[in-house]
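For reference, the structure discussed in these notes is given below.
The values are calculated or read from the model by the stated rules, or taken from the named source; none is laboratory data. In this text the structure is predicted, and so the values were computed from the model without any measurement. Every residue, glycine among them, receives a Cβ derived from its backbone with ideal geometry; neighbour counts consider all protein chains shown. For the accessible areas, the whole protein counts, side chains as well, though only heavy atoms, and no ligand, DNA or RNA atoms are used. Shrake-Rupley method; radii C 1.70, N 1.55, O 1.52, S 1.80 Å.
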Amino acid sequence: MLKLLLTGVWVCAITLGAVYFSVQMAMPPAPVSEEEARKASLALVKGEQITVPVISEGAVNGYFLTLISLNVDKTKVNLIEGPRTELMTDELITLLAGSNMINIANVSTFDADEFKKRIRDGLNKKLGDDVVQEVLIEKLDYLSKADIRAQQGGGEPQSVKIVEGEKVEAAPAAEAAPSH
């Protein structure tokens, strides 16, 4: 019985010593930079590929092919009622179909930063808060009606790249904001 008691005391002493030593040797966590903290507070809302007709003089002249995603504030996005992706799609269609932001005759005049800013500001205004922090353009192409007709026989129509796509990294399932 005495051996069992001494063995128990010995095991407790070793365990307490190991815990004390590991706590003393533990390094404090590395300070988190402001940029890392900002990225940690964002969630990715993946957009859908949409096709927006370009209408001028009462006729369809071509189509914008877009795929745009958003980085949103995790805490604020959960307060939004309704489907996030559909709200974004509605704003994109309004911007692309409702205004002449992109001059197809001279694509080099397109300002991607201004386009992103207008999407962000429009969505934030619609949502009533600064929910959208960053707009990511994965694809923004233009496909003319003439190109579609020329390619009808075979192959894929050749679109005009307006913006070279940004690589969007999918957030882990636990961090991605769920869609309503």
* Structure fact -> For the table 125/145; 116/145; 39/125, the rows whose alpha-carbon distance is greater than 32 Å are 125/145
* Keeping all protein chains in position, work out how much accessible area residue 5 exposes to a 1.4 Å probe, and write it in Å² to the nearest 10. => 110 Å²
* Structure fact -> Probe 1.4 Å, all chains present, heavy atoms only: residue 19 accessible area in Å², nearest 10, is 80 Å²
* Give the cross-link partners of residue 161 among the aspartates and glutamates, using a straight C-alpha distance below 19 Å as the criterion and excluding same-chain residues fewer than 8 apart. => 48, 111, 113, 114, 138, 141, 147
* To do: Go from 0 up to the bin containing the longest alpha carbon distance in the stretch 1-138, width 5 Å each, and give me the % of pairs per bin.
  => 2, 8, 13, 15, 11, 8, 6, 5, 4, 4, 4, 4, 4, 4, 3, 2, 1, 1, 0, 0, 0
* Structure fact -> Rounded to whole angstroms and listed largest first, the alpha-carbon spread of the stretch 7-82 along its three principal axes comes to 91, 26, 22
* To do: Using a 10 Å cut-off on Cβ atoms, rank the peptides 21-29, 76-84 from the highest mean neighbour count down.
  => 76-84, 21-29
* Structure fact -> Once phi for every residue in the stretch 28-35 is put through the Karplus expression 6.51 cos²θ - 1.76 cosθ + 1.60 (θ = phi - 60°), the whole-Hz ³J(HN,Hα) values, with Gly and Pro written as x, are x, x, 5, x, 8, 6, 4, 5
